[in-house]
Amino acid sequence: MDYRIEKKGPIQLVAHKERFQGGDVGKQEIHALWNKFWKDGTIEILSRYIRPGNAIGDALVGICFDNPEQGDFDYAIGVAYGGGELKDTLSFEEIPTNTWAIFPCVGRMPEAFQSLWKRIYTEFFPTSEYQPSGGICLEVYPSANITAPDYTCEFWISVAKK
């Protein structure tokens with residue numbers, strides 16, 4: 001698998017955070033949340049907070065704070081925080097310094113993302129010297145063109161050596 005290991009952080013984000021049910025139901029609700037935020041202007045509002053020169057650039061980020069396979073979980077959609085007063089529905093989130101396994105993801109979303117997620121847990125973790133650590137995963141989306149067949153983004157998982 002194509003991946004790299006990097007230590008990064010802390011990462012300061014402004015985000016809209018919600019609690020979801022574990023399993024497939026929650027994952028479907030996340031997809032609907034992204035669609036809603038594109039339509040209602042939340043993504044545009046978040047983009048105004050971007051600070052250049054940070055670990056994730058000017059990308060949109062999906063932040064999973066817990067493992068959805070292990071029960072209910074917190075998930076947020078955000079951007080790197082550049083300062084300023086936060087709107088009522090937004091929160092400041094600081095992701096601590098972590099060692100990240102960073103996987104490039106290429107293809108139409110969400111299919112490419114779902115396929116990569118499965119491969120990470122069935123191929124990478126069983127055979128690598130790393131295991132998930134801290135429960136934090138970041139989906140780093142550098143552009144909004146997620147329906148392109150060659151769309152490229154990254155999936156970051158906090159890891160530690162076994």
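The values are calculated or read from the model by the stated rules, or taken from the named source; none is laboratory data. Keep in mind the model is a prediction, meaning the values are calculated, not measured. Here the Cβ positions follow ideal geometry from the backbone for every residue, glycine too, while neighbour counts run over all protein chains shown. Just the protein is used for accessible areas: all its heavy atoms, side chains included, with ligands, DNA and RNA removed. Shrake-Rupley method; radii C 1.70, N 1.55, O 1.52, S 1.80 Å.
For Arg119, the conditions (1) more than 20 Å from Leu60 (Cβ to Cβ); (2) touching a Ser or Thr at 6+ places or on another chain (Cβ under 9 Å); (3) in contact (Cβ under 8 Å) with a residue 40 or more places away in the chain are fulfilled apart from (2).
Just one of (1) out of contact with any helix residue (DSSP H, G or I) (no Cβ under 8 Å at 6 or more places or on another chain); (2) under 14 Å from Leu60 (Cβ atoms) fails for Asp150. It is (2).
Determine which member of the set Pro110, Pro96, Pro104 is closer than 26 Å to Tyr49 by Cα, touching a Ser or Thr at 6+ places or on another chain (Cβ under 7 Å) and surrounded by fewer than 17 Cβ atoms within 10 Å (Cβ to Cβ).
So the residue among Pro110, Pro96, Pro104 that is closer than 26 Å to Tyr49 by Cα, touching a Ser or Thr at 6+ places or on another chain (Cβ under 7 Å) and surrounded by fewer than 17 Cβ atoms within 10 Å (Cβ to Cβ) is Pro104.
Of all residues in segment 88-116, those that are in a loop (DSSP other than H, G, I, E, B) and closer than 16 Å to Ile136 by Cβ total 2. Can we say Glu85 is loosely packed, with under 15 Cβ neighbours inside 10 Å and assigned to a strand (DSSP E or B)? Spelling it out, it is not the case that Glu85 is loosely packed, with under 15 Cβ neighbours inside 10 Å and assigned to a strand (DSSP E or B). Applying a threshold of 6 Å to beta carbon distances and a minimum spacing of six or more residues, or different chains, the list of pairs starting in segment 82-98 at a residue that is within 28 Å of Glu6 (Cβ to Cβ) and ending at one that is open to solvent by less than 90 Å² (accessible area, probe 1.4 Å) and of a type in the set (Phe, Trp, Tyr) reads Gly82/Tyr49. Any idea which residue in segment 116-150 is modelled with the highest pLDDT, counting only those that are open to solvent by less than 60 Å² (accessible area, probe 1.4 Å) and over 26 Å from Asp74 (Cβ atoms)? Top of the filtered list is Ser128.
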